[in-house]
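Read-outs throughout are calculated quantities, based only on the coordinates presented, and are distinct from any laboratory measurement. The structure displayed is predicted, hence computed values, not measured ones. Every residue, glycine among them, receives a Cβ derived from its backbone with ideal geometry; neighbour counts consider all protein chains shown.
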Amino acid sequence: MTNTAQTFYLMKTSISLLKKIFPVFFPALLSLTPSCGPAGDDAGEAPGVAVLLVDTDRPTGNIDVNLYGHFLEHINHSVVDGLFAEQIRGQGFEGDDFTEYWEPFAEDGEVSVEDIPFENGEKSIRLEARGGRAGIRQNRVFIEKDAVYDGYLWVSLLEGKPDLSLVVRQNGGELLAEISLQLKGDGWQRLDYAFTGAATDTSAVVELTVSGEGVVLADFWSLMRKDYRENGMMRPDLVEALQGLKPPFLRWPGGSYASVYRWQDGIGPHVSRKYHPNEIWGGYSDYYGFGTEEFMELCRVLDTDPMVVLPATGTEPEKVEYAMNWVHYLLDPPATEWGALRAANGHPEPYAVPYIQIDNEPMNHGLSPEQYAEIVNVYGSRLREIAPNAKIVACGQKRSNDLSWSRKVIDLAGEHFDILGCHNYEYESENFQTGLKRIRDYLIQLRDYVRQSDHPDIEVTVLEWNLSRTYDWRAGLHAAGSLILYESLGPELTMSCPALLMRNTTDDPTWSAFIYHDHVSWFPGSGYLAQKLFRDHYAPRYLSYTSGTFSDIERRRVFLDHISTMKPEGWVPGTVDAIATAGDDGRRVVIKAVNYENRKNLLLTRLEGSSLPEEAAVSVYRLQAGLHEAASLQEPDRIAVEEETMDWSRDLSFELPPYSVMVAEITW
């Protein structure tokens, strides 16, 4: 046997012997020695080392699943021309809708917008044919081959006996469907129609044409896939995107939009609802097609708890009554006035609404904390009477440095609310990591103030947060760091929801979102990816947390064996955050980590506890991308989860690639 062969034989024999003697610890022995070769983008740079010690016998608190809530605001066409599946834009011709969305055409005829009221609208379209034709058309309609579409429009015959038809064409002019609409007498009448898509076109054109001799008025046109209409009138792909996040609660309708939302104009038959341009967010058209019933149906589909945000910008009696009537409509029995109206709109049983918020960011309306506290006292005392089972949410500070706002609201109105909802956006994208310290500091200060106040049971929450100016991978790292931060604050931080949840790609790009869509498809913002990964591996028992990294050493086991006496060197904050949690069944440990650096780092973990097994399964899930990488409509899966397994040991070493998010789940 040659010297080389003898050496190889001895090494192989030694490894086999070690495996037999140390079947549990052998994988860790290999991983706890420094590796050679490149570490991250900077080849040869030694990784930093984060140390997480986990004692499964000593959980330190519970982590509320409501930290993974979400917030649906009517902003940036998130609902209109988004989640709500109506395809006709400007369907009632109010405001500037005709010039914004419609194209008239005529040959020996005329098209005009008339100030003729219909239902709750003020305008209608007049189509006059004088031996020729007159009509209106709209493009950018999504038609799918073999899908069934249905809809209706309202028409009033004024003169003659004209022919009326609805035509659907491909963008290039090819006919997809043609329907003759039959008028029956004069006066306003609803004309229903249906057709099957002959081909797929994302920019199809719909036309309404009057021909022959006569004059008609047209108003409120609806077009939707038939199966969508029958199942809540929501786009299934966007509902599926929301289901992927598994939100335990959903806040609605705002946001700033809540302050101006007129809830009574968004109930009942859609044709009878009222047009309100979304003045808060750009002035785009909104016929309130997605109102109270639609939101509550969405909550049912998502199996999530609703948080309804009331308009409450003052204590004038009419404002208070308007808000309280909404609560009556939601909660009262069907034998009451408001319960009977809800029943007439298709839902006899009262809704379950566990959370009711008193307006949003009142400082935007020029209110002082003292003035808002008075609003909370007035509205909160009424809510205690008519919604005794609901938790009342008041608005905390909008900025992390405005602790004074929250303190005054707690002191002056703490008796009349249960939850303080703060907001915290990071507006500077380069602060995707450093901004987290500012957030942690103010939340701890706020927590401590609540503890010593006269109202120590008030729950602290963050009801709006995000890296608000980008959706690239920096937003994913920020979301992961935020959620680890919120989990580490344990039972004293009970709810959170990021914003924005959804945004149409054609709208104002200022505010970043978790879900981006056009009228056809969607892709995830980076925050979506990080939150979905963490939500999929939520575990409610808080075990331990670590932050920062030390300089690597030759014998990494010293970090674990002698942590009490060693003098670790080179600690750097803002490099790695990690947290360990456990399932209620005592048979699952979850480790979440984020590496903010442009190099590989390591997370050394030692698990102790009487329930730990001899054998367990270790699954590791990672997200990794360059800081400025992002998914898109063309590449929705550009950033994707990679999965691997590891051998079980009580000592584990996890590689954290540059700019990465990791979850390790240990089950037995």
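Couplings 3J(HN,Hα) for region 553-564, derived from phi with the Karplus relation 6.51 cos²θ - 1.76 cosθ + 1.60 (θ = phi - 60°), are 10, 5, 10, 5, 4, 4, 4, 9, 6, 10, 4, 6 Hz, where x marks Gly and Pro. Fully extending the segment from residue 146 to residue 584 would add 152.9 nm, taking 0.36 nm per residue of separation and subtracting the current Cα-Cα distance. The long axis of helix 403-413 is offset from the longest Cα principal axis of the chain by roughly 70 degrees. Counting 0.36 nm for each residue step from residue 183 to residue 45 and taking away their Cα separation leaves a gain of 41.8 nm. Distance between the 7 Å Cα→Cβ label points at residue 634 and residue 385: 6.1 nm. Pairs from the list 319/408; 391/437; 274/319; 246/437 with a Cα-Cα gap above 25 Å: 391/437; 246/437. Taking the C-alpha atoms only, the angle from helix 526-536 to the longest principal axis of the chain is near 70 degrees.
Calculate log10 I(q)/I(0) of region 576-629 for q = 0.17, 0.27 Å⁻¹, where I(q) comes from the Debye formula with a single equal point scatterer on each Cα and nothing for solvent. Cα-only, vacuum Debye calculation for region 576-629: -0.69, -1.31.
Extension gain for residue 492-residue 667 works out to 60.2 nm (0.36 nm per residue, less the C-alpha to C-alpha distance).
In the list (i) 182; (ii) 191; (iii) 219, the label attached to volume of the Cα convex hull per residue in Å³ as derived from the coordinates here is (ii). In this calculation the C-beta distance from residue 274 to residue 374 is compared with R0 = 35 Å, giving a FRET efficiency of 0.70. Which of rounded, prolate or oblate describes region 547-668 when judged by the alpha-carbon gyration tensor and an a/c cut-off of 1.5? Taking the square roots of the gyration eigenvalues as a ≥ b ≥ c, region 547-668 is oblate.
Note on residue 167/residue 99: beta-carbon distance plugged into 1/(1 + (r/R0)^6) with R0 of 25 Å gives a FRET efficiency of 0.70. Of the peptides 476-483, 86-93, the order by per-residue mean of other Cβ atoms within 10 Å, starting with the highest, comes out as 476-483, 86-93.
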